[in-house]
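Reading through the structure tokens given below for one structure.
The values are calculated or read from the model by the stated rules, or taken from the named source; none is laboratory data. These numbers were taken from a predicted model, which means no experiment stands behind them. Cβ coordinates were reconstructed from backbone atoms using ideal geometry, including for glycine residues, and neighbour counts include every protein chain displayed. Calculation scope for accessible area: heavy atoms of the full protein, side chains included, ligands and nucleic acids excluded. Shrake-Rupley method; radii C 1.70, N 1.55, O 1.52, S 1.80 Å.
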Amino acid sequence: MNPILGFLFAVVIPIIVAVTLAIIIFAAAGVNVMDWAKEKGSAIPVISSFITTPEEENIQRESEQVQAEIERKDTEIEELNQTVNDLESTIEQMEQEIVKLENNTNVDSNEENEQEAPEGERDTVKTVSNSFTDMDKEQAALIVADLEEETAISILQEVSDEVRGEILEEMEPETAASLTQLLIDSDN
């Protein structure tokens, strides 16, 4: 007979049967064999690396939750940075438009051009106000709040009452109140 098979039938199988019977007997007697085995196994140097205690499981679970929270925050930060970049580019475009408008008004210095300039200026203000009508109201409010008061009033006078209300609603109360007062004063 093969010595490996002899060792298997003489030693290994009887040990497995004895351990199984012991576990069944202890379990029937009310002893929690698995907890006892984990407790004793965690004290053995090599085996302890394979056994996780409830504290280690809690720490691992908390670590996974923290990692998920960090990933969520990173995603949120990226989205906010993208929003900031979008707003900055919109502000730059509006500032360029303002510079163009200022240049147009500075070039026309004689009386004939001064009479034609308000019409051209009104057309430009109408064009700009149309872009505010189509724009996200929160972004529009941020841009209007950063404009000079005269320009902001001109734009707000050109947009519809509903759009004006939505833009003013998105602004800080002090800025909205100031612009509203200027709108009322300009109508008088």
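Per residue of the chain, what 222 nm ellipticity follows from adding -39500 (n - 2.57) for every DSSP H run with n ≥ 4, rounded to the nearest 500?
Here the helix-only value at 222 nm equals -27500 deg cm²/dmol.
In whole percent, how big is the carbon plus sulfur part of the accessible area of the chain, probe 1.4 Å, protein atoms only?
55
Figure the gain on full extension for ALA37 and THR124 (residue separation times 0.36 nm, minus the Cα-Cα span) and round it to one decimal in nm.
Fully extending the segment from ALA37 to THR124 adds 23.1 nm.
So what's Rg/Rh here for the range 12-72, counting alpha carbon atoms and using the Kirkwood radius for Rh? If you can, show how the numbers build up before the last one.
Details: Rg = 17.1 Å, Rh = 14.2 Å.
So for the range 12-72, dividing Rg by the Kirkwood Rh gives 1.21.
Quick one: compute a quarter of the convex hull surface over the Cα atoms of the chain and quote it in nm².
Working: hull surface 98.9 nm².
Over every viewing direction, the Cα hull of the chain projects on average to 24.7 nm².
Ranked highest first by the average count of other Cβ atoms within 10 Å around their residues, in what order do 154-166, 68-80 fall?
Ranking the peptides 154-166, 68-80 by packing returns 154-166, 68-80.
Taking only Cα atoms and a 10 Å spring cutoff, compute GNM fluctuations for the chain and point out the largest among LEU21, LEU168, LEU87.
Answer for the Gaussian network model of the chain: LEU21.
Hey, with R₀ at 22 Å, roughly what FRET efficiency would ALA177 and VAL99 work out to, going by the Cβ-Cβ distance, to 0.05?
With a Förster radius of 22 Å, E is 0.15.
For the chain, what does the accessible surface come to per residue with a 1.4 Å probe? Please give it in Å². Please report the intermediate quantities before stating the final value.
Numbers: 14150 Å² over 188 residues.
In whole numbers, the chain has 75 Å² accessible per residue.
For the pair PHE50/ILE23, report the inter-label distance in nm, with labels modelled 7 Å from Cα in the Cβ direction.
Going by the 7 Å Cα→Cβ label model, 1.2 nm.
Please report, in Å, the Rg and the Dmax of the range 24-108, where both are computed over Cα atoms only.
Using the Cα atoms of the range 24-108, the pair Rg, Dmax is 31.8, 104 Å.
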